[in-house]
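Asks: Right, I'll just put the structure down here and ask away after.
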Amino acid sequence: MSGVDTLILELASKQDTFTLKEAYQSCLVSSDEEKTKIRKRLSVLVGSGKLVRKGSGTYALSDMPVFHPQVSDEVKELYKSLKKEYPFTKICISEGPWISPLLHHLASNQTIYVEVEKDASEFVFDFLRSLRVMAFYKPNEDMIYRYINLDERNIFVKNLVSEAPLQKVDDIPVSTLEKMLVDIYCDPDFSYLQGSEYVRIVDNAMTIFSINKTKLLRYAKRRGVKEELEIIYNEL
């Protein structure tokens, strides 16, 4: 963290809100060039979730929690089995129930999402089928509608996008909220949550959790939807 960031966060910790002018004074800047640098750092701190905008030119420390899901025992065992079979493959696991708090209408989703590097995804799918679990390989919208009951425990095997933002919970790589929000917008297996429902999901997520917008948009760019999501998030 830069010295400027430290000064800004120290200012934020001393009062409920602070203004752009107070940030300039705290950082001892006066020239237009220096003020531009402060505004850029404020934008970065807001994007990272450390600060929130309270109004035009007014900021405050973020008091919203970071998304940190609880991993079920079933997923812990599943991850252990996968890593034993594929020790050098990058794996991310997420659970459908993590999405529930973000939904406007209650919709059950008991799916386990197993994302692995593209070259290994079919092998992982075949391995899971050998365990006689209900596994589906990259299900599309039609499969979800016709053949899959999300109320039941299913496993979806998908390709893991390179440089996707992950976090570790109980030493298991899982999705960050930023990744989940982009995936819900993009992936055909989340088609039932797209459109107007997606906007409500984003609105709920921004109300409940701290969101690193910079991280989200970086991942959205890798998935080719940065401009679309930027419009949604800016409007909210």
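Asks: Starting from segment 129-147, keep only residues that are under 20 Å from V161 (Cα atoms) and assigned to a helix (DSSP H, G or I), then list their pairs with residues that are open to solvent by less than 70 Å² (accessible area, probe 1.4 Å) and among the small types (G, A, S) whose Cβ atoms are within a distance under 8 Å, requiring at least 6 positions of separation or different chains.
Replies: The qualifying pairs are E141/S191.
Asks: So, of the residues in segment 90-119 that are closer than 16 Å to D171 by Cβ and over 15 Å from the mean Cα position of the chain (by Cα), which turns out to be least open to solvent (accessible area, probe 1.4 Å)?
Replies: I91
Asks: Of all residues in segment 156-201, how many are β-branched (V, I, T), surrounded by 21 or more Cβ atoms within 10 Å (Cβ to Cβ) and without any contact (Cβ under 8 Å) to a residue 60 or more places away in the chain?
Replies: 2
Asks: Out of curiosity, is S175 of a type in the set (G, A, S) and either at positive phi or over 14 Å from the mean Cα position of the chain (by Cα) (or both)?
Replies: No, not satisfied.
Condition check ((1) free of Cβ contacts under 8 Å to residues at least 40 places away in the same chain; (2) closer than 21 Å to P165 by Cα; (3) acidic (D, E)) across all residues:
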| position | (1), (2), (3) |
| --- | --- |
| L61 | no, no, no |
| V66 | no, yes, no |
| V75 | no, yes, no |
| E85 | no, no, yes |
| C92 | no, yes, no |
| S100 | yes, yes, no |
| I112 | no, yes, no |
| E115 | no, yes, yes |
| A120 | yes, yes, no |
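Asks: At least 1 residues that are touching a Cys at 6+ places or on another chain (Cβ under 6 Å) in each: list the strands (runs of 3 or more DSSP E) lying fully within segment 13-126 that qualify.
Replies: It comes to 112-116.
Asks: Right, something else. Please name all residue pairs, on different chains or six or more residues apart, with Cβ atoms under 8 Å, provided the first residue is in segment 28-55 and is more than 18 Å from I208 (Cβ to Cβ) and modelled with pLDDT of 90 or more and the second residue is assigned to a loop (DSSP other than H, G, I, E, B) and open to solvent by 40 Å² or more (accessible area, probe 1.4 Å).
Replies: From segment 28-55, the pairs are R41/S2.
Asks: Inspect all residues belonging to segment 140-153 and state whether any of them is crowded, with 21+ Cβ neighbours inside 10 Å and more than 24 Å from E230 (Cβ to Cβ).
Replies: no
The values are calculated or read from the model by the stated rules, or taken from the named source; none is laboratory data. Because the structure is predicted, anything quoted here is derived from the model rather than measured. For neighbour counting, all protein chains shown are included, and Cβ atoms are generated from backbone atoms with ideal geometry for every residue, glycine included. Ligands, DNA and RNA are stripped out before the accessible areas are found, and what is left, the full protein with its side chains, is counted by its heavy atoms. Shrake-Rupley method; radii C 1.70, N 1.55, O 1.52, S 1.80 Å.
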